[in-house]
Amino acid sequence: MNQQQFKSAYKIWTGSGSTKQVKHEVERLKMKKPLIVSDRIIADAGLLEEVCDHLDTVSYGTFLEVQPEPAFAVIEACKRVFLEGDHDGFIAIGGGSAIDTAKAASVYATYDGDLSDFVGTDLVPKKGAPLIAIPTTAGTGSEVTNIAILSDKEAQLKKGIASDFLLPDVAIVSPEMTRTAPQHVTAASGIDAMVHGIEAYLSVNASPLTDALALQSITMIARSLPKAYTNAHFLEAREEMATASLMAGMAFGNAGVGAVHALAYPLGGRFNMAHGVSNALLLPFVMEMNKPACLERLGDIATALGEKTTGLSLNEAADRAILAMTRLCAQVNIPASLKAFDIEKSDLEAMADDASKIDRLLKNNPRQLTKKEIYEIYQAAYEGRIAR
Ligand SMILES: NC(=O)c1ccc[n+]([C@@H]2O[C@H](COP(=O)([O-])OP(=O)(O)OC[C@H]3O[C@@H](n4cnc5c(N)ncnc54)[C@H](O)[C@@H]3O)[C@@H](O)[C@H]2O)c1
Ligand SMILES: [Fe+2]
């Protein structure tokens, strides 16, 4: 067996009401004046209070300028507020966008060069200020991963900073924090978590540890996402989604994600599509292209999704996984074709060009994809049908 490492946040709290652990963790990390990183929607939903009420006498500042799929400029602004306010730690409250902003700002705040110096793998020189991540979506898993994903508006691309110095010190995963998420956010972030589980399980770097987390998260999301989507107050489903997205984050944080995420980057970068939506649109088509390279594992995924696979051939079982995912995406009202967005067929070539350069993710994919195959996936996703 190859030697492998497993990384995650240093400490993880789970369960309803676990936000009350925030004060203890702030003190343990010796934060005297943390900066809360979030946005106004989350503040208006009352989620800051759910955390700040527990901070008691701790003095803190707020940065509420996070935007979805954060641009480099947002990190610059966050760094300015951190330094001007003499802060010494971060508490991120939000979805992947807020957590990624805080993760990137934590290492950038003490760095003199350009933020773009960090884009890529292992280019961050040292750990930054301590960070507590409190997710409000279920979700990106960013609370336990070593990645921050930012939008490069000029290059029209999403870019990743991957460094172990981004691993949060503490993740507090309290399911009621996701209750106020709008339905479309529950859908997109829930499918994102599912894609993390599926891509981690299919990754060439999968291990017994990541397999266990990935398969279990797939089962939990298949069972709970439709319930959390149809009734925001179904706390049991929210609880299962919060834990599952955390587990999927731990799985992909170590095994990596593959072609779905690589091909989704140009959709986010060029067309501002929400991360989970772009993943959902591409997933069945990437699964279909990957099929010859991972038939058995796709069959395992079908079983984890709750499909009956006994008596089926490997090929039929793999098809069940693809169909089940197409059905789940439809159930949470995610369009089935790129045509539903402002995308022209003539855009696909440039998108394939951009995606084919994202080697950091493509190298994890079970099938090594050529640029032509990447183009074919976009074409199938544009037409909205699997080419058989
Ligand atoms: N670092 C990682 O490991 C990782 C993994 C996957 C995705 N991402 C990144 O995360 C970002 C997407 O994050 P996301 O899907 O969590 O969405 P998000 O953070 O972009 O939030 C989407 C919208 O929902 C709102 N919102 C979030 N939670 C809410 C709540 N509980 N109540 C009311 N409103 C709420 C936000 O204010 C925002 O307007 C993308 O930039 C993506 O690339 C990062
Ligand atoms: Fe993702």
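The values are calculated or read from the model by the stated rules, or taken from the named source; none is laboratory data. On a predicted model such as this, the values are computed, not experimentally measured, just so you know. Reconstructed Cβ throughout: ideal geometry from the backbone, glycine too, with neighbour counts over all protein chains shown. Note: areas computed on protein heavy atoms with side chains; ligands, DNA, RNA excluded. Shrake-Rupley method; radii C 1.70, N 1.55, O 1.52, S 1.80 Å.
Of all beta bridges DSSP finds with both residues in the chain, what is the antiparallel percent, to the nearest 5?
Working: 7 of 28 bridges.
Among the beta bridges of the chain, antiparallel pairing accounts for roughly 25 percent.
Classify segment 291-367 as rounded, prolate or oblate from the Cα gyration tensor: take a ≥ b ≥ c as the square roots of its eigenvalues, call it rounded if a/c is under 1.5, otherwise prolate when a/b beats b/c and oblate if not.
Numbers: a/c = 2.87, a/b = 1.49, b/c = 1.93.
Oblate is the answer for segment 291-367, as a/c is 1.5 or above yet b/c matches or exceeds a/b.
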> For Q379 and K33 in the same chain, what is the full-extension length gain: residue separation times 0.36 nm, less their Cα-Cα distance, in nm?
Replying inline: 119.5 nm
> Restricting to segment 127-269, what percent of DSSP beta bridges are antiparallel, rounded to 5?
Replying inline: 75
> Any idea what angle helix 96-108 forms with the longest principal axis of the chain, computed on alpha-carbon atoms, 0 to 90 degrees, nearest 10?
Replying inline: 60
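Out of the total accessible area of the chain (probe 1.4 Å, heavy atoms of protein only), what percent is carbon and sulfur?
Working: 7970 of 15770 Å².
The nonpolar share, carbon plus sulfur, comes to 51 percent.
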> Ordered by residue, what ³J(HN,Hα) values in Hz, to whole numbers, does segment 130-136 give under the Karplus form 6.51 cos²θ - 1.76 cosθ + 1.60, where θ = phi - 60° and Gly and Pro are x?
Replying inline: x, 9, 10, 10, 10, x, 10
> If all Cα-Cα distances of segment 11-178 are sorted into 5 Å bins from 0 onward, what percent lands in each bin, rounded to whole numbers?
Replying inline: 2, 10, 21, 24, 22, 13, 6, 2, 0
> Going down the table (K127/K371; K158/K227; K153/K339), which pairs top 25 Å between alpha carbons?
Replying inline: K127/K371; K158/K227
>> Kirkwood hydrodynamic radius, the chain, all distinct C-alpha pairs: what's the number in Å?
In response: 20.7
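Hey, can you rank 100-108, 112-120 by average C-beta count inside 10 Å, highest first?
Values: 100-108: 28.3, 112-120: 14.3.
Order by mean packing, descending: 100-108, 112-120.
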> Which far-off residues, 5 or more places away or on another chain, put their amide H under 5 Å from the one on K159, with H placed in the peptide plane?
Replying inline: L150, S151, D152
>> As an exercise, find the ratio Rg/Rh for segment 183-383 from alpha-carbon atoms, using the Kirkwood inverse-distance average for Rh.
In response: 0.95
> Counting only heavy atoms of protein chains, what accessible area per residue, in Å², does the chain have with a probe of 1.4 Å?
Replying inline: 41
>> Explain nothing, just compute: Karplus ³J(HN,Hα) = 6.51 cos²θ - 1.76 cosθ + 1.60, θ = phi - 60°, for every residue of segment 352-366 in order, whole Hz, x for Gly and Pro.
In response: 5, 4, 4, 5, 5, 8, 8, 5, 3, 9, 4, 6, 7, 6, x
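Could you compute the net charge surrounding N146? Neighbours are other residues with a C-beta less than 13 Å from the C-beta of N146; K and R count +1, D and E count -1.
Details: positive: K7, K103, K127, R360; negative: D100, D122, E143, D164, D169.
Value of the local net charge: -1.
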>> Residue by residue through segment 335-351, what is 3J(HN,Hα) from phi via Karplus (6.51 cos²θ - 1.76 cosθ + 1.60, θ = phi - 60°)? Round to whole Hz and write x for glycine and proline.
In response: x, 9, 8, 5, 4, 5, 10, 7, 10, 9, 4, 5, 7, 5, 4, 5, 5
> So which GluC sites (Glu not before Pro) in segment 62-162 pass both tests, a DSSP loop state and at most 13 other Cβ atoms within 10 Å of the Cβ?
Replying inline: E154
